[in-house]
Amino acid sequence: MELKKCDTLLKGMVITMDPERNVFTNGYLAITDGRIISVGSARNCEYRGAEELGGEGHIVLPGLVNVHAHLVQGCMRGMADGTTFEERFFGFYYPMTGACDEERSHTSATPPILDLVRRGVTTTVDDHFTHVHKNSIDGVLAAIRDVGIRCRMARLTINDADAVPEPFRENLDTGIAETERIKSKWENELISVTASSIGITYCEPEQLKELWQWTVSNDRQFDIHAPAVFDQKYLAKRRGWEGGSFEWLNEMGILSPNVIAAHAQNLKPGEADLIRDSGASIALVPDMEQVLGLVSFDARNFLERGVTCGLGLDGPVVAYGHDLWTAMRSFLTGQRLGDEYRRRSGDKQSEWTGEEILYGSAEQALELATIGGAKALMMDDHIGSLEPGKDADVLVIDRRGETQLSPPAALLSNLVYGNGPSPQSIRRVLVKGKTIVVNGEHVSVDRFEAIRKLDELQETLLEEVNARRFVRIRSRFNWISDSEA
Ligand SMILES: [Zn+2]
């Protein structure tokens, strides 16, 4: 048989995430001009590639999709631990990111973006709301371009006097004009830009409506935190609204198919139905919810109703590790803790019968992190699964040296519950057919240099905005510096 040519031919266990959820245990994936042209069982492969990769022990997956992030928060990674809400929000979240101009934002965002791609994420969103330096967002977008990850950037306009420190407040005209500016400067086949606000109490209702209207006119998503931290505090007091955040969005005419809401926990009765009926999507953030101790996490509430959900990480200040594999595991553990909590707090006493099959599975978690995320971002026409015609956003894992993935009978369970493959087993990451990661290393961005620059930036920022007082603020350890010696 005369073999047809393609640019790249990948071989291994091909997990397609197509509508039938076909898995070719010995399969192939053919790529040409950045697109998938054919997928199937190896015995039916009619292609030879200019480059061929994989085979025995390799797993070929759609690139992972992260549906919630604040990449500029790299400079304060993990600093939330052991602090109060007031300390972290006003003590260092706003001050440290507010002090980031274009160059600093690039430095701050680069390691978190490398976290993503080195573990197989090919698409991320970003929600940027610190515009003290208007070009801070340009720095993040430059880092996104340099790494080559696909990104949907939401530029959030915020101005509420109680929720937002003065230098961060922008009037609506400026917010929309700046959104237009970065849209025309940065949009290309991998980057798209939209407008929004952090949450429904971060600007006046008419302004929120106008931002949403902009996204409708420009055929884009409206990305919002709901409920956001200030909703409970302000909805009743200032908006005269006793209902839930989603009920309010619905009342305002905003809750609609182009809305994606992050978190969406602790809803009022009936709100999940409201979300389903509206066609809006949910960005589940299970790892952060678990770190913050939310025992009532409930994704099943949405998934059993057919609400479109993806998995997100949130900002590195609280998304420790910034790893979507951890989010997959946390979706399962969070759901099961939540189910147990609801059982124990309900009428029925929890009683183990031995007949239970716990809700959720590794397969379901992987769906959320791939095709689910693509649907939640309204990108499933071109990413999220390995199907002919779609862009070649692909992750190739080589499990031959991964002791934690051996033996293979429960391969997917071991991948998901075991927090995924190690970076060095990430043989290849492709975005639209272009290789950006080889054997766990980015092809052009030097991670050692990126870390050195970010370490230096953090030192500068801690001094500059007087945030060092929050470092190890409640430490039990005695930290001995040798600087006075
Ligand atoms: Zn967030």
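Read the figures in this text as sums done on the coordinates, not as results from a lab. Note that the coordinates shown come from a computational prediction; the quantities given were computed from them, not determined experimentally. FYI the Cβ positions are ideal-geometry reconstructions off the backbone, even for glycines, and counts take in every protein chain you see.
Quick notes
- Partner lysines whose Cα lies under 16 Å from the Cα of K375, excluding those fewer than 8 positions away in the same chain, are identified as K390.
- Under 19 Å from K4, Cα to Cα: aspartates and glutamates that are on another chain or at least 8 residues apart: D33, E46, E51, E52, E387
- Under-5 Å amide H pairs with S38, H placed in peptide plane, nonlocal only: A30
- Computed from the C-beta positions of M252 and R145, the FRET efficiency with R₀ = 35 Å rounds to 0.50.
- Where GluC sites (Glu not before Pro) fall in DSSP loop in region 242-286, at most 11 other Cβ within 10 Å: E242
- Mean ellipticity per residue at 222 nm, deg cm²/dmol - from DSSP H runs of n ≥ 4 across the chain, formula -39500 (n - 2.57): -9500 deg cm²/dmol
- Computed from the Cβ-Cβ distance with R0 of 35 Å, the FRET efficiency linking Y417 to R305 stands at 0.85.
- Burial ordering of L116, L53, fewest other beta-carbon atoms within 10 Å first: L53, L116
- Cα-based shape type of region 228-301, given that a ≥ b ≥ c are square roots of the gyration tensor eigenvalues and the cut on a/c is 1.5: oblate
- Magnitude of the charge dipole, region 341-474, Cβ model with Lys/Arg +1 and Asp/Glu -1, debye to 20: 340
- Each residue, E441 and I37, gets one label point 7 Å from its Cα in the Cβ direction; the gap between the two is 3.1 nm.
- Per-residue ³J(HN,Hα) for region 56-65, Karplus 6.51 cos²θ - 1.76 cosθ + 1.60, θ = phi - 60°, Hz, x for Gly and Pro: 3, x, 9, 10, 10, 10, x, x, 6, 10
- Positive end of the dipole of the chain (Cβ unit charges, origin at the Cα centre): among Y202, L53, I158, the Cα lying farthest that way belongs to L53.
- Under the combined filter of DSSP loop state and at most 15 neighbouring Cβ atoms within 10 Å, region 287-349 retains none of its chymotrypsin sites (Phe, Trp or Tyr not before Pro).
- 16 Å Cα-Cα reach of K185 towards lysines, excluding residues that sit fewer than 8 places from it in its own chain: K134
- Efficiency of FRET from Cβ geometry, E2 and E166, R₀ 51 Å, rounded to 0.05: 0.15
- Between the residues I176, N135, N22, the greatest Cα displacement towards the positive end of the dipole of the chain, with unit charges on the Cβ of Lys, Arg, Asp and Glu, is found for N22.
- Taken about its Cα centre, the chain carries a charge dipole of roughly 720 debye when the Cβ of each Lys and Arg holds +1 and the Cβ of each Asp and Glu holds -1.
- Across all directions, the shadow cast by the convex hull of the chain built on its C-alpha atoms averages 25.4 square nanometres.
- Karplus-derived 3J(HN,Hα) values for region 229-238, using 6.51 cos²θ - 1.76 cosθ + 1.60 with θ = phi - 60°, are 4, 8, 4, 5, 5, 10, 4, 6, 5, 9 Hz; glycine and proline are entered as x.
- Once the convex hull of all Cα atoms in region 1-121 is built, its volume per residue stands at 155 Å³.
- Cut-off 19 Å, label 7 Å out along Cα→Cβ of T403, residues of region 425-468 by amide N: 425-426
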